[in-house]
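J.: Quick one: the structure is below, questions incoming.
Please treat every number below as a calculation from the coordinates, not as lab data. The shown structure was predicted, so the numbers you read here are calculated from the model rather than taken from an experiment. Note: ideal-geometry Cβ built from the backbone for every residue, glycine included; neighbour counts use all protein chains shown.
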Amino acid sequence: MMNAAITAARAARLHSPRRPLHHRTIARSFAAQAQQASSTEPTKQYSENEFPERKEPPLITRNNAADIVSKTNATTTPQYTISSTRSITPTRPTHIPPNIPLASLSIPQTQITTLPNGIRVGSMENYSQVSSVGVLLDFGSRHELDRYTLPNTEEEVVSTVGVNHLMELLAFQSTEHHSGAEIRNIMENLGGASFGQSSREQMMYCVDVLRPNVNEAFNLLAETIKCPMIDESEVEEMKQVIQFQMMDMMPQISLGEGLQMAGYGPLESDNGGGVMQQLGRPHFCTQEALPNLTAQSVHAFREQHLLNKPQGIVVSGSGIEHEALVELAEANFGHITAPPDASNDDESARTIPSTYTGGEFRLQRPPNPNYPAKEEFTHVAIAFEVGGWHSPDLVPTCVLQTLLGGGSSFSAGGPGKGMYSRLYREVLNMYRWAESAEAFSSFHSESGLWGISGSCKPGKAGEMTRALVDHFKKLENEYVTDEELDRARNMLKCNVLSQLESRLVLFEDIGRQILTYGKREDAATMCAKIDAVTKEDIRRVVQKAVKKPPTLAAVGIDIKNVPRLEEVVRRLGQEGTEKKKKSWF
């Protein structure tokens with residue numbers, strides 16, 4: 001109201017008849033000049049296909065592009081035209097799909113087809129003008145080995161540790177038919193983007209391209225999977241990229257890696273040493289593993305997990321007709337076959353279930369000059385084991401994570417975003433020294449982690465750790481309120497449905513569900529499962545989790561104030577389990 005009043009007052013003063021005489025004289029002078037200019041020069045009419053070099057907007061008339069000619073002489077500015085293929089014509093260009101009556105369109109549904117060689121193809125047609133297609137592969141960093149004996153040899157051994165991180169960077173580089181620069185130029189001309197992404201259990205390659213160009217883009221995608229060049233020069237170049245990534249690695253990433261390494265620590269072996277578990281392996285390539293990475297390591301890993309395992313390949317797409325995607329998959333991957341002697345025993349030997357141990361990870365890192373503002377905080381996380389992708393507690397754990405919520409003390413989405421979650425109300429709004437507090441979860445085939453992380457100034461790290469422990473105890477001893485549960489269920493459904501509106505998220509969801517479950521649940525089924533979660537389910541999941549040993553991780557330039565794992569165990573009331581813990585330093 002006050003701003004509106006001030007603006008009105010200024011406008012009244014500006015148009016008042018009491019303005020000084022010289023102001024009115026100048027205004028009349030400008031008006032006379034404009035009238036004289038308009039009377040001497042006729043108004044020039046420009047076509048929509050002309051781009052005159054003038055400051056004033058042209059008067060546009062609709063003409064056919066064939067009627068537009070370029071006029072150039074010594075005294076006039078040249079008029080520019082564009083190709084006739086871009087003009088507005090009565091007929092539809094062949095490269096634009098025709099308009100289809102709404103009544104003839106079918107409701108988008110997930111369609112799944114299995115090729116004769118075992119490769120699965122899943123897609124959903126959402127009638128988008130852009131298509132997202134890709135391939136998901138059933139291998140990840142958990143399948144890397146410190147020593148791998150090459151086939152048909154007895155003594156030649158390579159290390160495949162860090163190969164998945166390297167393969168992610170090598171995606172859409174040079175192949176047997178195109179160089180990396182050529183692939184990038186082709187994708188730019190097709191109006192698309194490409195990327196690769198690796199995780200502990202799966203690898204994904206994707207192209208996002210205009211629908212008329214999806215065939216050519218998919219052929220490039222198939223090339224980078226089937227016949228990448230992967231020579232030593234490219235490997236060395238990407239190893240330098242990995243070194244730069246190590247220098248700029250955010251502390252939150254190091255914290256998550258530490259939780260995995262400590263939560264699934266080495267198991268005692270018969271010879272007294274520790275055997276590293278698959279889920280306890282670092283996902284990102286470490287400084288120690290980097291020198292052992294070679295082109296031979298990548299080729300050996302691909303030969304072991306990709307080239308002869310069609311049952312571990314899923315071709316996924318959104319914004320494309322299912323029959324068209326099946327044809328592309330058959331043409332590019334239909335030749336891949338499993339060895340005649342392959343069996344389920346080979347798969348069980350490849351993926352070895354990991355056992356949750358709990359433990360402690362502490363990393364005191366030097367200050368990073370690239371992130372001076374972030375490095376001043378100490379980051380702490382406490383986690384417990386929950387069920388994996390196939391557990392009946394998966395959905396209740398997701399509701400629990402949403403109920404706790406949290407985030408940073410600064411909300412980039414505007415004030416009030418997420419402020420009603422429990423960690424916002426009872427940590428961030430209660431303790432002024434808390435920089436962040438957030439619930440997290442990570443799921444795998446046989447197990448998962450659920451916990452809370454926080455960051456603060458180093459001097460308050462002890463208080464932050466105790467605040468996190470108190471929330472676990474509160475969840476264990478008290479039911480969540482009906483208001484919190486309703487809000488969490490609605491928020492989770494809102495997040496799921498809004499994310500699935502994204503073309504890329506839909507493509508990824510289809511592929512990962514087929515690769516994990518062999519099918520895809522629709523949004524209605526997922527929402528029904530979320531609505532079925534009760535506060536008894538939430539408390540049961542928490543009580544089951546906190547009975548197991550906790551996992552503590554701390555990262556920062558000063559972590560001396562973070563309590564040891566033994567103190568966390570005592571505060572949780574688990575005094576009888578300290579001897580089972582392992583520590584990483």
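J.: Please sort 389-395, 261-267, 299-305 by packing, taking for each peptide the average over its residues of neighbouring beta carbons within 10 angstrom, highest first.
T.: The packing order, highest mean first, is 261-267, 299-305, 389-395.
J.: Rank-order 446-454, 177-185, 462-470, 526-534 by packing density, defined as the average count of other C-beta atoms within 10 Å over each peptide's residues, highest first.
T.: 446-454, 462-470, 526-534, 177-185
J.: Identify, among P563, F443, G511, the residue whose Cα sits farthest towards the positive end of the charge dipole of the stretch 435-585, taking +1 on the Cβ of Lys and Arg and -1 on the Cβ of Asp and Glu, with the dipole about the Cα centre.
T.: P563
J.: Let me ask something else. Short version: ³J(HN,Hα) in whole Hz for each residue of the stretch 303-314, in order, from phi by Karplus 6.51 cos²θ - 1.76 cosθ + 1.60 (θ = phi - 60°), x for Gly and Pro, what are they?
T.: Once rounded to whole Hz, the list reads 5, 7, 10, 10, 5, 10, 10, x, 5, x, 10, 10.
J.: Step through the residues of the stretch 528-533 one at a time and calculate ³J(HN,Hα) from phi using the Karplus curve (6.51 cos²θ - 1.76 cosθ + 1.60, θ = phi - 60°), rounding each to whole Hz and writing x for Gly and Pro.
T.: 5, 5, 5, 5, 7, 6
J.: While we're here: Please report, in debye to the nearest 20, how large the charge dipole of the stretch 106-159 is about its Cα centre when each Lys and Arg carries +1 at its beta carbon and each Asp and Glu carries -1 there.
T.: Once rounded to the nearest 20, the dipole reads 380 debye.
J.: Oh, and also: Can you order the peptides 284-292, 318-326, 141-149 by their average number of other Cβ atoms within 10 Å per residue, highest first?
T.: 318-326, 141-149, 284-292
J.: With charges only on Cβ, +1 for K and R and -1 for D and E, what is the dipole size of the stretch 200-281 about its Cα centre, in debye, rounded to 20?
T.: Charge dipole, the stretch 200-281, about its Cα centre: 320 debye, nearest 20.
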